[in-house]
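To start, the structure itself, in structure tokens.
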Amino acid sequence: MAKAVAMLMFMALMVATMSSAESSGKLDCHPKLLSVCLPALIHGVAPTPGCCANLRAQQDCFCQYKRDPTFRSYLTGVNGQHTLKSCGLATSYVCLQRAV
């Protein structure tokens, strides 16, 4: 039950963050696309091909997600690192602050 509530909260926060990012004109990142990866990111199961495709499409957003406390643990936690590695993606990024 707690995991289901956590997943629902994560999805709601993704939608809210997406809406605020779109209105602010920032990098076109859509964290809701990562919802297909929730089983891998939360439970540590093997990522699906769809999950890996969405992660690849969102690579340019990883630094933005890592700066956001809502999403940071999903990419930097053990399951996130395992998921990225399983999808053939780098598990560490140098994230510089972007001048606005």
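The values are calculated or read from the model by the stated rules, or taken from the named source; none is laboratory data. What you are looking at is a predicted structure, and each value in this text was computed from that prediction instead of being measured. We place every Cβ from the backbone using ideal geometry, glycine too, and count neighbours over all the protein chains shown. In case anyone asks, the SASA skips ligands and DNA or RNA and just uses the protein heavy atoms, side chains included. Shrake-Rupley method; radii C 1.70, N 1.55, O 1.52, S 1.80 Å.
Odds and ends about this structure:
- Residues of the range 41-100 satisfying the condition of being out of contact with any Cys (no Cβ under 9 Å at 6 or more places or on another chain), part of a loop (DSSP other than H, G, I, E, B) and among the hydroxyl-bearing types (S, T, Y): T70, T91, S92
- Qualifying residue in the range 72-88 (condition: under 11 Å from the mean Cα position of the chain (by Cα), at pLDDT below 95, open to solvent by 40 Å² or more (accessible area, probe 1.4 Å) and among the basic types (K, R)): yes
- Residues that are open to solvent by less than 40 Å² (accessible area, probe 1.4 Å) and charged (D, E, K, R), drawn from the range 48-71: K66, D68
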